[in-house]
Amino acid sequence: MSIYAIIETGGEQLRVEPGRFYNIRHFALLKQKILSSNTKILIYRVLLIHHKSIISIGHPWLKGAIVKGRILHSHLENKITIYKMNSKKKTRRKLGHRQNSARFVVDSICLNGKEL
């Protein structure tokens, strides 16, 4: 595609294009009651927009730039197993952890109120 944006969300920077799916961890509203399917989201932390041959760079973010999307579903990621063992001491510790994640699709990228 000739248009993409780089956004910052969940402590990560993602290159997003309209019509594609992405997984977000550490999203601000990852509570199951708040996020349901087809919840519309607006992301204002846009670092860069590339449209045709024009590149707009923000410092640190672009003013008037919005990435519009919607949440498809929220889910738990695969379990991470943490195992600590001290040899010759007979101490063992096994923990597990699952992170919340949300899958969303980008509907459009807007700059200064105009859809690109």
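The values are calculated or read from the model by the stated rules, or taken from the named source; none is laboratory data. These figures come from a predicted structure and were not determined experimentally. Positions of Cβ are generated from backbone atoms using ideal geometry, with glycine treated the same way; all protein chains shown enter the neighbour counts. Each accessible area value is taken on the protein alone, full model and side chains, heavy atoms only, with ligands, DNA and RNA left out. Shrake-Rupley method; radii C 1.70, N 1.55, O 1.52, S 1.80 Å.
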Report summary line: Counting every C-alpha pair in the chain, the percent lying more than 19 Å apart is 53
Requested in this report: Enumerate lysine pairs in the range 12-114 that are 8 or more residues apart or on different chains, then count those whose Cα atoms are under 27 Å apart.
Outcome: 18
**Report entry** By accessible area with a 1.4 Å probe, ligands and nucleic acids excluded, highest first: order of I6, I49, I82, I54
**Finding:** I54, I82, I6, I49
Query raised in the report: Rounded, prolate or oblate: which fits the range 59-104, taking a ≥ b ≥ c as square roots of the Cα gyration tensor eigenvalues, rounded meaning a/c under 1.5, else prolate when a/b beats b/c?
Result: oblate
Requested in this report: Leaving ligands, DNA and RNA out of it, report the carbon-plus-sulfur percent of the accessible area of the chain at a 1.4 Å probe.
Outcome: 52
**Report entry** N78 paired with L95, simple spin-label distance in nm, labels 7 Å along Cα-to-beta-carbon
**Finding:** 2.1
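At 0.36 nm per residue, minus the direct Cα-Cα distance, what do E115 and R45 gain on full extension? Give it in nm, one decimal, please. Mind showing how you got there, number by number?
Numbers: separation 70, 0.36 × 70 = 25.20 nm, distance 1.66 nm.
Extra length available between E115 and R45 comes to 23.5 nm.
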Report summary line: So, relative contact order of the range 1-105 in percent, Cα under 8 Å, 6 or more apart, is 30
